[in-house]
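What follows is a short report on a single structure.
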Amino acid sequence: MSFYVSSIVSALDTANISDMLVAKLLPYIQKGLKTSLVEYKSSTFIIICQLATKSIIAPSLINALASQVSRTLLKTPSLLREGVGCLIILLQTQQSLDVGKKPFIHLCKVPDLVGVLKEISSLYDISSFLEYLLLNLVSTIIHSSAGEDADVAGPVVCKEILEAILQNITLDADLSKMLARAFLEEFLSFGKHYLEDTNKMAELGKSILPLIRLLETKYVGIYYIVW
């Protein structure tokens, strides 16, 4: 496995990465993500990271890789940090954060996700990954209150994750403003559909108020900055 990964990584470091080269590597990457062999899967994470840092990957392939990597997180707990790190690099190095809902659904099921992110964020920039995660958390918290997004994680789980992020990870100025703006925009979007249903609006307001207060407390004056 050491020879395998060192050979592939060295080749990616020196080669002109073409679509043909990626196509030839893809079957081995997919096999590595599905294997029960921990060393093979760990090697595959390294190869994906090298591929992501050396080239711009087609959006459809990014989506597929992000979905497959996130699916492995629960199946191989010993490689949780490596798998999350692989997802972070995919999102940090590529031009699009639109990798669909599937990675988000799997991430919400990961035990101590925030603990892993806190550890990694103390050493590396994970802002793009956090942006993807935070936007999906806010959207799910608000719209699942009306029974929408039934296929994604429940609002209770999402609230717990978002609260843990706010309490344990310091967001930079852009991320904190983005999060505040997301709350406002999603709330307004919700209101357009349920404006006449005062009970729903009141329930939603009560539900998200603790998160809003936590955000305002940690990032004083954030809503004035947003607007």
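Each value in this text was obtained by applying a stated rule to the coordinates, not by laboratory testing. It should be emphasised that the depicted structure is a prediction, and the values quoted were computed from it without experimental measurement. Here the Cβ positions follow ideal geometry from the backbone for every residue, glycine too, while neighbour counts run over all protein chains shown.
If you take the charge dipole of region 1-55 about its Cα centre, with +1 on Lys and Arg Cβ and -1 on Asp and Glu Cβ, which of Tyr28, Phe3, Ser55 is farthest toward its positive end? Value computed over the given set: Tyr28.
With a ≥ b ≥ c the root eigenvalues of the C-alpha gyration tensor of region 50-92, is it rounded (a/c under 1.5), prolate (a/b larger than b/c) or oblate? Oblate.
Just list whichever of Lys159/Lys218; Lys101/Lys177; Lys109/Lys177; Lys101/Lys159 have alpha carbons separated by over 20 Å in the model shown. Intermediate results must be reported in sequence, preceding the final value.
Details: Lys159/Lys218 17 Å; Lys101/Lys177 23 Å; Lys109/Lys177 27 Å; Lys101/Lys159 17 Å.
Check vs 20 Å cut-off fails for Lys101/Lys177; Lys109/Lys177.
Ordering of 117-124, 213-220 by packing is 117-124, 213-220, highest average first (other Cβ atoms within 10 Å, averaged per residue). Annotation: aspartates and glutamates with alpha-carbon distance below 20 angstrom to Lys192 (same-chain offsets under eight excluded): Glu148, Asp149, Glu203. One Cα centroid belongs to region 93-123, the other to region 1-77; the line between them spans 18 Å.
Legend: ranking of residues Ser139, Ser42 from fewest to most surrounding C-beta atoms inside 10 Å; resulting order Ser42, Ser139.
Paramagnetic label reach from Ala15 (point 7 Å along Cα→Cβ; backbone nitrogen cut-off under 14 Å): within region 32-73, residues 47-48, 50-52, 54-55. Here's the list of aspartates and glutamates a cross-link from Lys41 could span, going by alpha-carbon distance under 18 Å and ignoring same-chain residues fewer than 8 apart: Glu82. Which one, Leu135, His106, Leu204, projects farthest toward the positive side of the charge dipole computed for region 78-226 from Cβ point charges (K/R +1, D/E -1)? My answer, from the dipole projection, is Leu204. When the Cα atoms of the chain are aligned to their principal axes, the ranges along those axes come out at 62, 32, 31 Å in descending order.
Among rounded, prolate and oblate, which fits region 1-105 when a ≥ b ≥ c are the square roots of the eigenvalues of its C-alpha gyration tensor, a/c under 1.5 means rounded, and a/b larger than b/c means prolate? Taking the square roots of the gyration eigenvalues as a ≥ b ≥ c, region 1-105 is oblate. Listed from fewest to most Cβ neighbours within 10 Å, the set Val38, Val22 follows the order Val38, Val22. Each of Ser176, His193, Ser43 was placed along the dipole of the chain (beta-carbon charges, centred on the mean Cα), and the one lying farthest toward the positive end is Ser43. Within the chain, the whole DSSP H helices whose Cα atoms reach 15 Å or more along their own axis and whose mean Kyte-Doolittle score is at least 1.0 are 80-93, 127-143.
Explain nothing, just the number: relative contact order of the chain, from Cα pairs under 8 Å at least 6 residues apart, as a whole percent.
15 percent
Quick one: grab the alpha carbon gyration tensor of region 1-61, order the square roots of its eigenvalues as a ≥ b ≥ c, and give me rounded if a/c is under 1.5, else prolate or oblate depending on whether a/b is larger than b/c. Since a/c reaches 1.5 but b/c is at least a/b, the shape of region 1-61 is classed as oblate. Per-residue ellipticity at 222 nm from helix content only, as computed over the chain with -39500 (n - 2.57) for each DSSP H run of at least four residues, stands at -24500 deg cm²/dmol. Could you size up the charge dipole of the chain around its Cα centre, putting +1 on the beta carbon of Lys and Arg and -1 on that of Asp and Glu, and report it in debye to the nearest 20? The calculated dipole for the chain is roughly 540 debye. Label-to-label distance, Leu123 versus Val220, with points set 7 angstrom from Cα along the beta-carbon direction: 3.4 nm.
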